[in-house]
Amino acid sequence: STSGVIPGIRKFADNPEQFTLAVSLHSAIQSTRNKIMPGVKKHTLLRLHEALQLYTEKTGRRPTYEYAMIEGVNDTNPEMQALCDFCEGTLLNDIEGSPLKPSPIHKVEDLQRRLESRGIETTIRNSRGNDINAACGQLKQRFKVQKNA
């Protein structure tokens, strides 16, 4: 297919402008990623990884991975191991009424230590706007609640 995420990354790699590619990964285990992000099921992690390697080779730049940690879903030991493996060669906002909750900070910091022990640079981004229900995902949820009221 000539459209989609993978061809888009390949095209981005050919762009003469130097921007950093940010990839919403959220899991490096295909079945978990399919559940969290059903819209990207057709783009396997293997194909994504190949496209990212091409991007890195062509641009000399590293992509950044966005990984919203969800307690008991993608913050387990197997998930962290898979993420470390994928990244080698990030926080979920609390939305009222959602069954998904942010991972505890100790798990986030544990993942950061694991990644950095492999030489993978990481940054833990603090959520902004949570205090006014304007953090990622919250505005959509708030809009739906008000719309249905």
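The values are calculated or read from the model by the stated rules, or taken from the named source; none is laboratory data. On a predicted model such as this, the values are computed, not experimentally measured, just so you know. As a convention, Cβ positions derive from the backbone with ideal geometry for all residues, glycine included, and neighbour counts pool all protein chains shown.
If you go through region 6-61 and keep only what is touching a strand residue (DSSP E or B) at 6+ places or on another chain (Cβ under 8 Å), of a type in the set (S, T, N, Q) and part of a loop (DSSP other than H, G, I, E, B), you end up with just Thr20. The set of residues from region 48-80 being surrounded by fewer than 18 Cβ atoms within 10 Å (Cβ to Cβ) and at pLDDT 90 or above comprises Glu71, Gly72, Thr76, Asn77, Pro78.
Evaluating Glu121 against the criteria (1) outside any helix (DSSP H, G or I); (2) buried (at least 17 other Cβ atoms within 10 Å of the Cβ); (3) at pLDDT 80 or above leaves one unmet condition, (2).
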